[in-house]
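The values are calculated or read from the model by the stated rules, or taken from the named source; none is laboratory data. Only a predicted model underlies this, so the values are computations on that prediction, with no experimental measurement involved. Every residue, glycine as well, gets a Cβ built from its backbone with ideal geometry; the counts of neighbours run over all protein chains shown. Heavy atoms of the whole protein, side chains included, go into the accessibility calculation; ligands, DNA and RNA do not. Shrake-Rupley method; radii C 1.70, N 1.55, O 1.52, S 1.80 Å.
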Amino acid sequence: VLEMPAFIATKVSQYSCQRKTTLNNSNKKFTDAFEVMAENYEFKENEIFCLEFLRAASLLKSLPFSVTRMKDIQGLPCMGDQVRDIIEEIIEEGESSRVKEVLNDERYKAFKQFTSVFGVGVKTSEKWYRMGLRTVGEVKADKTLKLSKMQKAGLLYYEDLVSCVSKAEADAVSLIVKNTVCTFLPDALVTITGGFRRGKNIGHDIDFLITNPGPREDDELLHKVIDLWKKQGLLLYCDIIESTFVKEQLPSRKVDAMDHFQKCFAILKLYQPRVDNSTCNTSEQLEMAEVKDWKAIRVDLVITPFEQYSYALLGWTGSRQFGRDLRRYAAHERKMILDNHGLYDRRKRIFLKAGSEEEIFAHLGLDYVEPWERNA
Ligand code: DCP
Ligand code: MG
C-alpha cells in the first residue's frame, strides 16, 4: 500500500477511466454519505449536484488509503466545497448532519422506496408522493392507481426483487441462459456483464450480452429464447425492445443515452432448493414452503452484432460512473464519440473498429483497466 504523500505525488486523474477502482473501498464512510447526497439530488432532478457527489464518491473509492485528515484530500480533483464540508464533518463528528437530515427526510424516504420498485423512476415517484403516498405498502394497497405492466410485475415480485441477487444465483441463471441460447445457436457467445463481471458478489439484476460470431445474424433468437421459457413456465415478465440501430448514425453524445440493441428486460423464475418442511409447524407454513420453491430474478438480455460486441461489452460492464467518464474522456480529451455501438473519430471522420476491450482503450490512448478495476 502506498503511503499517502507518495501516492499524491502521482497526480490523480479526474476521470475514473484513468484510475483503478477495485471493490476494496478504504473510504466507505465517506462514499456512502456522498451516495446518499447524490441520490437525493437525483430525486430532485438536480443532475449537476448529483454528478458532483457521484464523482467525489468514485474518486475516494480509488484511493489506496483511508482519508483521516483534510490534508489527505489536498490537490485531489472532484473535491468541491459541498463535498469538502461533508468530509470535514465526518472526520470531526464521525457523521454528517446534512446526510442525516436527508436520511430522515420524508420525501427522500418515500422516493427511496418507490424507486426500488422495478419500473418506477423519479417521475412516477413524484406523482405518487404528490398524491400523498409514502410507502410501497400504500402503493400496493391503492387499487385506483394506473400502473404499467412493468410496475405491476415490480410490485407483484417486490420482496424477491429487493432482496439482492447472489453470485450463486447469478451462476445458476447463467447456466439456464447459456443452455437455452445454445439450443438455438450452438456457437453463440453468452457473457455475463454488469456488476458480476466486475467481481461483485451481489447485484440488483443479472446482465447478459449475447452475440453470434458466425456470419449470419438471427433476429429471432431472442424471441425463440423467450418463447421457450414461457412454455417451460420460467418467465414471470418480459419486455422485448427491438433494435433501433441505424448504421450511418453517429454515436450519441448524451452521456446516459440508452443504446439501440435488441434487448429484453425480464423477470425469471429461479427454482431453489426446497425449504425443509420439518421446520414448519403450522399447515399454513407448510403450504407456503410448498408453494414458493422459487425466487423472482431480474435478468437483462442484450443481443449485439458481432462487430459491435466489444463496445457493447465495455458499456454493459460498467460501472455506470466508469462508462460516463470513458465517454467524457473520449469527447473532451480525444475529440471522439463513444457509445455502446462504436467509437467515432471526429477529426478523421471514421469509426474505429475494435475486436476486444483492450483495443478500445488503445484507440482512446488509455492504459487498459481490467473489469474488476472498473468499480468506480
Ligand atoms: N448500461 C448501459 N445501458 C443501459 C443500462 C445499463 O450501458 N441502458 C450499463 C451501465 C451499467 C451496466 O450496463 O454499469 C449494468 O447496468 P446495471 O444497472 O445492471 O448496473 P450494475 O450491474 O453495475 O449494478 P447492479 O449490481 O446493481 O446490477
Ligand atoms: Mg446489473
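The table below lists the values:
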read-out	value
Matching residues in the stretch 187-198 - criterion: being surrounded by 15 or more Cβ atoms within 10 Å (Cβ to Cβ) and away from ligand 1 (no atom under 11 Å from the Cβ)	A188, L189, V190, T191
Residue among L250, L222, L235 that alone is assigned by TED's automatic domain parsing to the domain that holds V173 and either over 25 Å from the mean Cα position of the chain (by Cα) or without any contact (Cβ under 8 Å) to a residue 60 or more places away in the chain (or both)	L235
Any hit, the stretch 176-186, residues being buried (at least 18 other Cβ atoms within 10 Å of the Cβ), within 16 Å of ligand 1 (Cβ to nearest atom) and either outside any helix (DSSP H, G or I) or at negative phi (or both)	yes
Of all residues making up the stretch 135-175, the number that are under 16 Å from F196 (Cα atoms) and of a type outside the set (S, T, N, Q)	10
Residue match in the stretch 261-268 (condition: open to solvent by 80 Å² or more (accessible area, probe 1.4 Å), at pLDDT 75 or above, in the same structural domain as T211 (by TED's automatic domain parsing) and not in a strand (DSSP E or B))	no
Residue, nearest to ligand 2 (Cβ to nearest atom), within the stretch 193-202, restricted to residues that are free of Cβ contacts under 8 Å to residues at least 40 places away in the same chain and more than 12 Å from S174 (Cβ to Cβ)	I202
Close pairs (6 angstrom Cβ cut-off, 6 or more residues apart or separate chains): under 15 Å from Q74 (Cβ atoms) in the stretch 1-21, modelled with pLDDT of 65 or more and of a type in the set (A, V, I, L, M, F, W, C) anywhere	M4/F65; V12/L76
The listed residue being within 14 Å of ligand 1 (Cβ to nearest atom), over 14 Å from the mean Cα position of the chain (by Cα) and farther than 30 Å from P273 by Cβ, out of I303, I297	I303
Matching option when the condition is within 14 Å of ligand 1 (Cβ to nearest atom), part of a helix (DSSP H, G or I) and either farther than 22 Å from T304 by Cα or within 17 Å of the chain's Cα centre (by Cα) (or both), among L161, L209	L161
All positions within the stretch 203-225 that are more than 16 Å from ligand 2 (Cβ to nearest atom) and crowded, with 18+ Cβ neighbours inside 10 Å	T211, N212, L221, L222, V225
Residue list for the stretch 19-34, filter: among the hydroxyl-bearing types (S, T, Y) and part of a helix (DSSP H, G or I)	T31
Test: residue in the stretch 313-323 that is out of contact with any helix residue (DSSP H, G or I) (no Cβ under 7 Å at 6 or more places or on another chain), within 17 Å of G195 (Cα to Cα), of a type outside the set (F, W, Y) and away from ligand 1 (no atom under 12 Å from the Cβ)	no
Test: residue in the stretch 59-82 that is part of a helix (DSSP H, G or I), in contact with a strand residue (DSSP E or B) (Cβ under 7 Å, 6 or more places away or on another chain) and within 25 Å of R324 (Cβ to Cβ)	yes
Conditions (1) open to solvent by 50 Å² or more (accessible area, probe 1.4 Å); (2) at pLDDT 95 or above; (3) under 20 Å from S148 (Cβ atoms): number failed by L235	(1)
